[in-house]
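Working notes for the structure below.
The values are calculated or read from the model by the stated rules, or taken from the named source; none is laboratory data. Just so you know, these numbers come straight off a predicted model, no measurement behind them. Here Cβ is always computed from backbone atoms with ideal geometry, including for glycine, and neighbour counts include all displayed protein chains.
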């Protein structure tokens, strides 16, 4: 298609998706697009649009995808209004245009955004520290611009950042040590800048790091060779002539190990000068040619990576016959579990290696269909590293002519948290129990997900059914919160702790985890989720289910733990935590007891009887992070996870 986008397009007030990409459309983006108040997605990439981006796009309050990349004549500054879009969550891609000026401070308003791509423009100035407020950002591409100054330390606050690309800018100073605190970082590109100093040793500790490109800077000193630097998939260091050492495959000169003796016989001065001059000329020419060729190749490849970094925004289509075949006709052998609203099956599609999980809804009653609709509505709005990732949905007719509805998710090979907390009593082993470190890590993933749902997702979401069987574990034992079948979407303009909700399904929850006020007819609230979170934390660290019969009628898990703190903390702690190797002395045992008291006290604070007495979501998250950070510091000081038997701990304290 060619020509201009007509102004009259702004009259389509009920339009939800608008895809104009890969055309020959030209002219200005009409400001009337701002009238499309229901718009969720706007794709206009790879065309010939020109002029400024109209600030009126800031009126698209329901927009969660904006893709205007590769319109090379789009110019001017990025409107601040774009960064204030409350629902912008999937991605914002303005790459490979001619946008200029600084990155506005308002970028920090994108608290719900997963992916920001501003590559290949003429943006300049410093990266504002407000970018640390992009709490759920997973990928940040700022390459091929003119950003300057130091790489901001504030980036370390974006805990879920997995890809950071700052290639081909004007950054100076050192590579911040703080980048070593982004534990999820998988790819880091800072090539073609003016960075100096040494490579931070803390980068060795980034266990997820697989690609690191620091080429064409002014770095010096020894390249680390421990940790991830021994097995990193792609490490590029060319163009830093003062680097040395590292692994043999880098082919760098060895670092000097000793100072030559002053008594060593000196060569004639004229010979030294001649040899040095010839050697320097030959070496310099070799380096210049090698660096020129490699940097040219890297520059080309970086552009290709950036252009291809965003997949098409549409969910893939998987028809019913493919799901039927991939689950072996929904056989019992492929069954992963059953719940109130249906069953989940393992599925492997033809010509695909990865495994999927298919949640098939039981449509015998109308409430099950409403559960499907509620989960679809929630899943289309939420994106966070600690939430289960949806692949697609399927609404069709099965081979028996009946209505069929299913959701397709990423497969979690380690099942759910419940199966790890409550193993059969006979022959427990370290292979199917959770260490103290793993429990802290899983708790962090859960509270991060809840904080996102309550404070950053737009509109906010109440899960309504937080419990171990709805916490799924990935291959690396990181946690994902799943099952949004009875979730509620909060109305806007409500304050934390007193938020109400709307939805079509009555609150059911699960016995033992459901907030007491729900039984009295109260509306769903963030405080209700916090109650469930508190019970979940108590269960994780005591190994006791809130529904087990030993508590009796008047003594629940909350009261059981509250009565035991602090003196009998180790007595009520889950004994399977101590099955993992380790040794204890008096000091370490006391510190472990203190940390357990802290996390169990947080569970007590969250599961108070009255909603007004419970911790707020943000406070609970901050407290859990502080406890885990203290534990990691403790681990670092003592070299390994200090775990042993309950008897050893108690006896050492005694």
Item checked: Hits in the range 170-198 (condition: in a loop (DSSP other than H, G, I, E, B) and without any contact (Cβ under 8 Å) to a residue 60 or more places away in the chain) -> 174, 175, 176, 182, 183, 185, 186, 190, 193, 198
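From the residues in the range 228-242 that are without any contact (Cβ under 8 Å) to a residue 40 or more places away in the chain and in a strand (DSSP E or B), which one is surrounded by the fewest Cβ atoms within 10 Å (Cβ to Cβ)?
Applying the first criterion (without any contact (Cβ under 8 Å) to a residue 40 or more places away in the chain) to the range 228-242 yields 228-235, 237, 240, 242.
Narrowing the set further to residues that are in a strand (DSSP E or B) leaves 234-235, 242.
Working: 234: 9, 235: 20, 242: 11.
Here the answer is 234.
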Notebook entry, point to check: Could you say whether any residue in the range 375-389 is touching a strand residue (DSSP E or B) at 6+ places or on another chain (Cβ under 6 Å), assigned to a strand (DSSP E or B) and buried (at least 18 other Cβ atoms within 10 Å of the Cβ)?
Noted result: yes
Next item on the list: Spot the failing condition for residue 306; the list is (1) in a helix (DSSP H, G or I); (2) closer than 30 Å to residue 19 by Cα; (3) modelled with pLDDT of 60 or more, and only one is missed.
Entry: (3)
Next item on the list: Scan the range 434-441 and give yes if some residue there is modelled with pLDDT of 85 or more and over 25 Å from residue 512 (Cα atoms), otherwise no.
Entry: yes
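Tell me, which residue of the range 347-361 that is surrounded by 17 or more Cβ atoms within 10 Å (Cβ to Cβ) and more than 16 Å from residue 413 (Cα to Cα) is modelled with the lowest pLDDT?
First pass over the range 347-361, keeping only residues surrounded by 17 or more Cβ atoms within 10 Å (Cβ to Cβ): 347, 356-361.
Now restrict to residues that are more than 16 Å from residue 413 (Cα to Cα): 360-361.
Details: 360: 90, 361: 86.
Among those residues, the one meeting the criterion is 361.
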Next item on the list: Identify, by number, the condition in (1) at pLDDT below 90; (2) surrounded by fewer than 19 Cβ atoms within 10 Å (Cβ to Cβ) that residue 461 doesn't meet.
Entry: (2)
Margin query: Can you pull out every residue in the range 29-74 that is more than 20 Å from residue 110 (Cβ to Cβ), within 31 Å of the chain's Cα centre (by Cα) and in a helix (DSSP H, G or I)?
Written below: none
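Matching residues to (1) modelled with pLDDT under 85; (2) surrounded by fewer than 17 Cβ atoms within 10 Å (Cβ to Cβ); (3) in the same structural domain as residue 532 (by TED's automatic domain parsing):
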{"residue": "554", "(1), (2), (3)": "yes, yes, yes"}
{"residue": "560", "(1), (2), (3)": "no, no, yes"}
{"residue": "566", "(1), (2), (3)": "no, yes, yes"}
{"residue": "578", "(1), (2), (3)": "yes, no, yes"}
{"residue": "583", "(1), (2), (3)": "yes, yes, yes"}
{"residue": "588", "(1), (2), (3)": "yes, no, yes"}
{"residue": "593", "(1), (2), (3)": "no, no, yes"}
Next item on the list: Scan the range 609-633 for residues that are surrounded by 15 or more Cβ atoms within 10 Å (Cβ to Cβ) and in contact (Cβ under 8 Å) with a residue 40 or more places away in the chain and report the count.
Entry: 12
Margin query: So, in the range 75-115, exactly how many residues are on the phi > 0 side of the Ramachandran plot, buried (at least 21 other Cβ atoms within 10 Å of the Cβ) and not in a loop (DSSP other than H, G, I, E, B)?
Written below: 0
Margin query: Kindly evaluate residue 642 against the criterion of being modelled with pLDDT under 90 and touching a helix residue (DSSP H, G or I) at 6+ places or on another chain (Cβ under 9 Å).
Written below: yes
Notebook entry, point to check: In the range 330-346, what residues are part of a loop (DSSP other than H, G, I, E, B) and either buried (at least 17 other Cβ atoms within 10 Å of the Cβ) or modelled with pLDDT under 90 (or both)?
Noted result: 330, 340, 341
Margin query: Condition first: surrounded by 18 or more Cβ atoms within 10 Å (Cβ to Cβ), touching a helix residue (DSSP H, G or I) at 6+ places or on another chain (Cβ under 7 Å) and free of Cβ contacts under 8 Å to residues at least 60 places away in the same chain. Now tell me which residues in the range 134-153 satisfy that.
Written below: 134, 152
